[in-house]
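In what follows, a structure is listed as C-alpha cells, so that the remarks can point back to it.
The values are calculated or read from the model by the stated rules, or taken from the named source; none is laboratory data. Since this is a predicted model, take the numbers as computed values, not measurements. Every residue, glycine among them, receives a Cβ derived from its backbone with ideal geometry; neighbour counts consider all protein chains shown.
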Amino acid sequence: MGCKIYHGPYIYNFKDVYLLLSQKNVSKQVNDFRELAENLLSDLNSPKDNNSDFISLVKHLEQKILYESMEKINLFINENK
C-alpha cells in the first residue's frame, strides 16, 4: 500500500523480512517513542515515496510462494491416494 513500517528492535522471528523491507526503504527500526515521533513527523512532511518497485516485488513473491505451496500440497495429496 506504499506505507512505511516502523518496528521495534525485537524482530528475531522475522529478521529476513525486516532486512528486505529495510533495504527497500519501506521499514525502519525505532527504539523509543521519541524516535517514532521524529520519524513520523519527518515522513509526514516529506513527499511520499513511490514504492512501486517494492510493491511489484511483493506481488511476484506472493505468486511464487502460492505456486510453491500448491506444488507441495499436490505432492502430498498424490502420495496419500
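Descriptive notes on the structure:
- Count of residues meeting criterion [in a helix (DSSP H, G or I) and of a type outside the set (Val, Ile, Thr)] in the stretch 1-28: 11
- Residue list for the stretch 31-60, filter: touching a helix residue (DSSP H, G or I) at 6+ places or on another chain (Cβ under 9 Å) and among the aliphatic types (A, V, I, L, M): Leu57
- Flag for Glu35 being among the charged types (D, E, K, R), without any contact (Cβ under 8 Å) to a residue 12 or more places away in the chain, in a helix (DSSP H, G or I) and surrounded by 11 or more Cβ atoms within 10 Å (Cβ to Cβ): yes
- If you check Lys28, Lys72, Lys24, Lys4 for being charged (D, E, K, R) and exposed (fewer than 11 other Cβ atoms within 10 Å of the Cβ), only one passes: Lys72.
- Here Ile55 clears all of (1) at pLDDT 80 or above; (2) surrounded by 13 or more Cβ atoms within 10 Å (Cβ to Cβ); (3) part of a helix (DSSP H, G or I) except the condition numbered (1).
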